[in-house]
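> My questions will all concern the structure given below.
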Amino acid sequence: MADIQSSEITDKRCYLNRRAFIASALAAAGASAIVNPELHAQQPAPHGRKLATVKSPLSGSDSPNTWEHATTYNNFYEFGTSKSDPALNARGFKPRAPWTIEIEGECAKRGTITLEDVLKGQTLEDRVYRHRCVEGWSMVIPWVGFPLASLIKRCEPTSKAAFVEFTTLLDRRQMPGQATDVLEWPYVEGLRMDEAMHPLTILAVGLYGEVLPGQNGAPLRLVVPWKYGFKGIKSIVKVRFLAKQPVSSWQLSWPQAYGFFANVNPAVAHPRYSQAVEARLPSLFRTMRTLPFNGYGDQVASLYSGLDLRRNY
Ligand SMILES: Nc1nc2c(c(=O)[nH]1)N[C@H]1C(S)=C(S)[C@@H](COP(=O)(O)O)O[C@H]1N2
Ligand SMILES: [Mo]
């Protein structure tokens, strides 16, 4: 205390010297010392096939993280629970060819479709989106994808379809994490129909202009930029239209912490993490203020008018 007071009262020079001392100490430690160490625990994914894309007008202008960040620091519990596990354990993951998606529930076009078929005549767009995990880290990722709405339309949902549910591949041989009970398998997620139809909601097949590596959810994953990362279900094999709200895997495992909506909200804390601040990788420190709806409020806040977002987290 005495130290703070004396520097406050008179000795500005001393204060400036102290700042200079701290700055030089940090410089001596080297920038790498304050970078998140888990980023460097694995090799980045090998580069994949290039995709023909056009830039989406809905793309943001933040400067993206690197390929190394996006492919070495992942959450994909099917391949292990640490951030560095998926880069290692998904290296051998081979999405089966052809990749098929079951279309089920309240829609006219139930049945099996192939990803290839879904992509036929589809324009793939580059969209730079902020990506925010519950745990307080964030990245900016240039996804390659197409609006989920375009897949939904071709399924011809009935008037009863109020929600869409997604399911990840179940394959214990290729996904070692599915032999553990950290979550119930397969991973399930869901959206309300208006959220699913929103133009910001995409199905991604790539990032940085290349096909998705295993760790990022090859060959098809959901991206909903105003929600926490866990909504972004990976390696999707089933899409089901429902009249009632589905229960997602994280809701099932810890409902007090993980709600169905999962809209990024600095005012609602997770029992273990503040949601008011975030560390933009590669930084280790949560020095960035988190924006409501991850900064997409102008475009999506109206979806929730009349909904108490503290209760519906
Ligand atoms: N099937 C499946 N999808 C998943 C997860 C998972 O464990 N399994 N983790 C989620 C979480 S918590 C996050 S933050 C994002 C991470 O996506 P990224 O690794 O591409 O950054 O994927 C989400 N999708
Ligand atoms: Mo997450």
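> Around Met288, which amide H atoms from residues at least 5 apart in sequence, or from another chain, sit under 5 Å from its own amide H, with H modelled in the peptide plane?
For Met288, the qualifying residues are Glu278, Arg280.
> What pairs in Lys94/Lys234; Lys153/Lys234; Lys50/Lys153 have C-alpha atoms more than 24 Å from each other?
Lys50/Lys153
> Can you give the longest run of the chain that contains no trypsin sites (Lys or Arg not before Pro) sitting in a DSSP loop with at most 14 other Cβ atoms inside 10 Å?
Longest stretch, sites excluded: 174-243.
> Related question: How large is ³J(HN,Hα), in whole Hz, for each residue of the range 105-117 in order, when computed from phi with the Karplus curve 6.51 cos²θ - 1.76 cosθ + 1.60 and θ = phi - 60°, using x for Gly and Pro?
x, 6, 7, 7, 9, 5, x, 9, 10, 9, 4, 4, 5
> Hey, another quick one. Counting other C-beta atoms within 10 Å, which of Ile236, Ile34 has the fewest, and how do the rest follow?
Placing the least packed residue first, the sequence is Ile34, Ile236.
> Given only helices, namely DSSP H runs of n ≥ 4 each adding -39500 (n - 2.57), what is the per-residue ellipticity at 222 nm of the chain, to the nearest 500 deg cm²/dmol?
Dividing the helical sum by the residues of the chain leaves -5000 deg cm²/dmol.
> Placing +1 on the Cβ of each Lys and Arg and -1 on the Cβ of each Asp and Glu in the chain, which of Pro57, Ser84, Ala269 has its Cα farthest towards the positive end of the resulting dipole?
With unit charges placed on the Cβ atoms, the residue in question is Pro57.
> Additional query: In what order do His131, His270 fall by count of nearby beta-carbon atoms within 10 Å, going from fewest to most?
Ascending number of Cβ neighbours within 10 Å: His270, His131.
> With each label point set 7 Å from Cα along the Cα-Cβ vector, what nm distance links Ser82 and Arg154?
Output for this residue pair reads 4.1 nm.
> Can I ask one more? Give me the distance in nm between label points sitting 7 Å out from Cα along the Cα-to-Cβ direction at Met193 and Ser61, one decimal.
3.7 nm
> At 7 Å along the Cα-to-beta-carbon direction for both Asp298 and His47, put a label point, then send me their distance in nm to one decimal.
It is 3.5 nm.
> Sort Ile202, Ile103 so that the residue with the fewest other Cβ atoms within 10 Å of its own Cβ comes first and the one with the most comes last.
Ile103, Ile202
> Apply 1/(1 + (r/R0)^6) to the Cβ-Cβ distance of Ala162 and Ile34, taking R0 = 51 Å, and write down the FRET efficiency to the nearest 0.05.
The value I calculate is 0.65.
> Okay, moving on. What's the FRET efficiency of Asn312 with Ala276 using the Cβ-Cβ distance as r and R₀ = 22 Å, to the nearest 0.05?
Computed FRET efficiency for Asn312 and Ala276: 0.75.
All of the numbers you see were taken from the coordinates with simple rules; none came from a lab. The model shown is predicted, which means the values in this text are computed figures rather than measured ones. Every residue, glycine among them, receives a Cβ derived from its backbone with ideal geometry; neighbour counts consider all protein chains shown.
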